[in-house]
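Below is one structure, written out as structure tokens; the observations come after it.
The values are calculated or read from the model by the stated rules, or taken from the named source; none is laboratory data. Just so we're clear, the structure is a prediction, and the values are computed from it rather than from any experiment. Cβ: placed from backbone, ideal geometry, glycine included. Neighbour counts: every protein chain shown.
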Amino acid sequence: MRTIKFRVWDIERKKYLSDVSFADSRIPSNWQQFYIPQQFTGLLDKSGVEIYEGDIINGEYADGDAFAPIAVEDMCWLHKMTVLGDAWRRLEANTVEVIGNIHENPDLLETK
């Protein structure tokens, strides 16, 4: 069974919060202006790091081709493999490595 958990990016402070619960009475009703929740995918990268929406990953497709860093967003995780949104190419979960996230390391996604 997949663990359902989130991390939250604080837009104003530009950092991840570890002490916020969605049931927390301190969260304002217009929370979307202040926070960006990112859900845990249920998978770990090859080093045991939890993979969340918004993470930037490197790795290989199932056919052995390496891919440029991509952001985890529109992904459908299948048994230890994943399909990337429109690309529909399978990734080998044991080759995937979290190298940053879209908030703190957006430069990792820039094409050179």
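Selection of region 60-100 for residues being at pLDDT 80 or above, part of a strand (DSSP E or B) and β-branched (Val, Ile, Thr) yields ILE70, VAL98, ILE99. Being at pLDDT 85 or above and farther than 20 Å from ARG7 by Cβ is a property that does not hold for ASP55. Pairing residues of region 20-46 that are over 19 Å from GLU104 (Cα atoms) with residues that are loosely packed, with under 14 Cβ neighbours inside 10 Å and modelled with pLDDT under 85, at Cβ distances under 6 Å and at least 6 apart in sequence or on separate chains, gives GLY42/ARG2; LYS46/ASN94.
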